[in-house]
Amino acid sequence: MRLEKVVPFGRSLDEYIKMFDLSQSDFQSKILGVGDGPASFNAEATQLGYHVTSIDPIYQFTGAEIFARFQEVVDGIIEQVRQTPNDWVWKYHKSPEDLRQNRVQAIEKFLKDYDLAKQIGRYKLEELPKLSFADKEYDLALCSHFLLLYSDFYDYQFHLNSILEMMRVATEVRIFPLLTLMLQRSPHLNPLIAELTQLGYTVEIKPVAYQLQKGGHEMLVVKRNGNKE
């Protein structure tokens, strides 16, 4: 991975709760955050006594390197958002500047946690579509702003292999959002649902209480047949 190709934006615990419709019972399970980047989700959840492991290829870099890259790109990204006002829903985040401040707060909380937590294994250097974890090591795998969002960069087979690998290591997978960077439903979505269903998984699209991209208020849920809701 080349850090100059990365936009290291991270989300908060509250955003994860709303993006993935997380319940108190979900937090009693072992959670794997896939592609978490500099999210404060792990740090905040750990403070509350929850069991979260975050994985991302960006964790090969130091906190200082990740923060330096964030500082390089944040103003440009927020300016792009300002230039496309019709593409965004200002409900959770109140404005582009509020979005910027929320991203700053998330990465600051991440950085306070990152170095020590990386040493004890809460942040791991892993990369889809192949993970090193044991079968069913986790109860729930959450993939935020990676799969489906970057459908123009990763083909259908990569998406299928990645979801199957997450289903190998977890009992349930949730993916958010279902839109691409161009605010269109991912072209991989319907073929994935069809093939995963054919392979014996229960697959459904669920609405969630979070939206930033216009139309981006749904997640994909994949379970093994017979799992309870």
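Run TYR114 past the list (1) under 27 Å from GLN28 (Cα atoms); (2) touching a residue at least 40 places away in the same chain (Cβ under 8 Å); (3) open to solvent by less than 80 Å² (accessible area, probe 1.4 Å); (4) touching an Asp or Glu at 6+ places or on another chain (Cβ under 7 Å) and report the number of the one that doesn't hold.
Failed condition: (4).
In the set GLN71, GLN83, which member is of a type outside the set (Asp, Glu) and closer than 21 Å to GLN211 by Cα?
GLN83
Check whether at least one residue in the stretch 63-73 is closer than 24 Å to HIS217 by Cα and of a type in the set (Asp, Glu), and report yes or no. Explain how you work it out, then say what you get.
Quick first cut of the stretch 63-73, residues closer than 24 Å to HIS217 by Cα only: none.
Scanning the stretch 63-73 turns up no residue that is closer than 24 Å to HIS217 by Cα and of a type in the set (Asp, Glu).
Would you pick out the residues in the stretch 84-106 that are surrounded by 13 or more Cβ atoms within 10 Å (Cβ to Cβ), within 17 Å of GLY216 (Cα to Cα) and touching a residue at least 40 places away in the same chain (Cβ under 8 Å)?
Across the stretch 84-106, the qualifying residues are ASP87, TRP88, VAL89, TYR92, HIS93, LEU99.
Can you tell me which residue within the stretch 151-197, out of those that are among the aromatic types (Phe, Trp, Tyr) and either assigned to a loop (DSSP other than H, G, I, E, B) or without any contact (Cβ under 8 Å) to a residue 12 or more places away in the chain (or both), is most open to solvent (accessible area, probe 1.4 Å)? Spell out the reasoning first.
Initial filter on the stretch 151-197 (among the aromatic types (Phe, Trp, Tyr)): 153-154, 156, 158, 176.
So of that shortlist, the ones also either assigned to a loop (DSSP other than H, G, I, E, B) or without any contact (Cβ under 8 Å) to a residue 12 or more places away in the chain (or both) come out as 153-154.
Working: PHE153: 146, TYR154: 83 Å².
Step by step, filter the stretch 151-197, then rank; the result is PHE153.
If you check ALA45 against the conditions, is it open to solvent by less than 10 Å² (accessible area, probe 1.4 Å), of a type outside the set (Asp, Glu), on the phi < 0 side of the Ramachandran plot and assigned to a loop (DSSP other than H, G, I, E, B)? If you could, list the steps in order and put the result at the bottom.
Numbers: open to solvent by less than 10 Å² (accessible area, probe 1.4 Å): yes; of a type outside the set (Asp, Glu): yes; on the phi < 0 side of the Ramachandran plot: yes; assigned to a loop (DSSP other than H, G, I, E, B): no.
When the stated conditions are applied, ALA45 does not pass them.
Between a first residue in the stretch 8-30 that is in a loop (DSSP other than H, G, I, E, B) and a second residue that is open to solvent by 50 Å² or more (accessible area, probe 1.4 Å), which pairs have beta carbons less than 8 Å apart while being 6 or more apart in sequence or on different chains?
Matching pairs, first to second residue: SER12/GLN105; SER12/LYS109; ASP21/LYS206; ASP21/ALA209; SER29/HIS51; SER29/ASP139.
Among (1) closer than 17 Å to ARG174 by Cβ; (2) in contact with a Leu (Cβ under 7 Å, 6 or more places away or on another chain); (3) surrounded by fewer than 19 Cβ atoms within 10 Å (Cβ to Cβ), there is one condition GLY215 misses while meeting the rest; what is its number?
Of (1) closer than 17 Å to ARG174 by Cβ; (2) in contact with a Leu (Cβ under 7 Å, 6 or more places away or on another chain); (3) surrounded by fewer than 19 Cβ atoms within 10 Å (Cβ to Cβ), only one is false for GLY215: (1).
Between a residue in the stretch 122-133 that is open to solvent by 50 Å² or more (accessible area, probe 1.4 Å) and any residue that is part of a strand (DSSP E or B), which pairs come within a Cβ distance under 8 Å, given they are 6 or more apart or on different chains?
Matching pairs, first to second residue: LYS124/THR53; LYS124/SER54; LYS124/ILE55; LEU125/ILE55; GLU127/ILE55.
Can you go through TYR59, TYR114 and tell me which one is within 17 Å of CYS143 (Cα to Cα) and either in a helix (DSSP H, G or I) or among the β-branched types (Val, Ile, Thr) (or both)?
TYR59
Is it the case, given these coordinates, that SER162 is among the hydroxyl-bearing types (Ser, Thr, Tyr), within 27 Å of HIS93 (Cβ to Cβ) and at pLDDT 95 or above?
no
Scan the stretch 41-55 residue by residue and report those that are within 12 Å of the chain's Cα centre (by Cα) and closer than 20 Å to PRO129 by Cβ.
SER54, ILE55
Residue-wise test of (1) over 17 Å from the mean Cα position of the chain (by Cα); (2) open to solvent by 10 Å² or more (accessible area, probe 1.4 Å).
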| residue | (1), (2) |
| --- | --- |
| PHE20 | no, no |
| GLN24 | yes, yes |
| GLY35 | no, yes |
| ALA39 | no, no |
| PHE67 | yes, yes |
| GLN71 | yes, yes |
| ARG82 | yes, yes |
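The values are calculated or read from the model by the stated rules, or taken from the named source; none is laboratory data. As the structure is a prediction and not an experimental result, all values here were calculated from the model. Every residue, glycine as well, gets a Cβ built from its backbone with ideal geometry; the counts of neighbours run over all protein chains shown. Surface accessibility is based on the protein's heavy atoms, side chains included, excluding ligands, DNA and RNA. Shrake-Rupley method; radii C 1.70, N 1.55, O 1.52, S 1.80 Å.
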